[in-house]
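Asks: Got a structure for you, written out below as structure tokens; questions coming shortly.
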Amino acid sequence: MRSGTNNPVVGVRDSIEYNSGKISMKRLMDAGSFNLALICLDVGQEIPPHPEGYDAVFYVVEGVGVFTVGVNEYTLEAGSMVFSPKEKLRGIKSIGKLSVLGIRETV
């Protein structure tokens with residue numbers, strides 16, 4: 001459950017905050033075998049492609065962005081999601097403001 005509280009309800013949209021100086025990341029919930037984080041990228045911000053040791057799903061809450069998964073790039077908008085398997089390159093680049101819910105397995 002969410003750190004520091006027994007409330008299982010999280011207002012994802014209420015947690016969105018953009019920072020022009022750096023990418024904003026908030027851990028929203030720790031739930032045993034997975035956890036959720038909200039990642040907010042302002043205009044032009046990017047998480048460069050890099051490998052990770054865990055599977056993850058990225059759900060676009062608002063905005064549009066380019067998601068790298070392995071050697072492929074996908075342009076996703078609000079309401080879309082993409083699966084990124086462990087050990088593959090993954091990255092996110094915003095086109096405008098972009099908020100993404102990241103759901104990852106704990107390792």
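Asks: What does the net charge come to around GLU52 if you take all other residues with beta carbon closer than 10 Å to its beta carbon, with K and R at +1 and D and E at -1?
Replies: Combined, the nearby Lys, Arg, Asp and Glu give +2.
Asks: In the set (1) 38, 29, 21; (2) 42, 33, 20; (3) 39, 29, 25, which value of Cα extents along the principal axes in Å was calculated from the structure you see?
Replies: (3)
Asks: Towards the positive end of the charge dipole of the chain, with charges on Cβ (+1 Lys, Arg; -1 Asp, Glu), say which of VAL66, SER80, LEU98 has the farthest Cα.
Replies: The residue sitting most towards the positive pole is LEU98.
Asks: Follow-up. What percent does the relative contact order of the chain come to when contacts are Cα pairs within less than 8 Å and at least six residues apart?
Replies: Rounded, it is 31 percent for the chain.
Asks: With +1 on the Cβ of every Lys and Arg and -1 on the Cβ of every Asp and Glu, and nothing else charged, how large is the dipole of the chain about its Cα centre, in debye rounded to the nearest 20?
Replies: Dipole magnitude for the chain comes out near 140 debye.
Throughout, read-outs are computed from the coordinates displayed, never taken from laboratory work. Keep in mind that this is a model prediction, so the values were computed, not measured. Cβ atoms come from the backbone with ideal geometry, glycine included; neighbour counts cover every protein chain shown.
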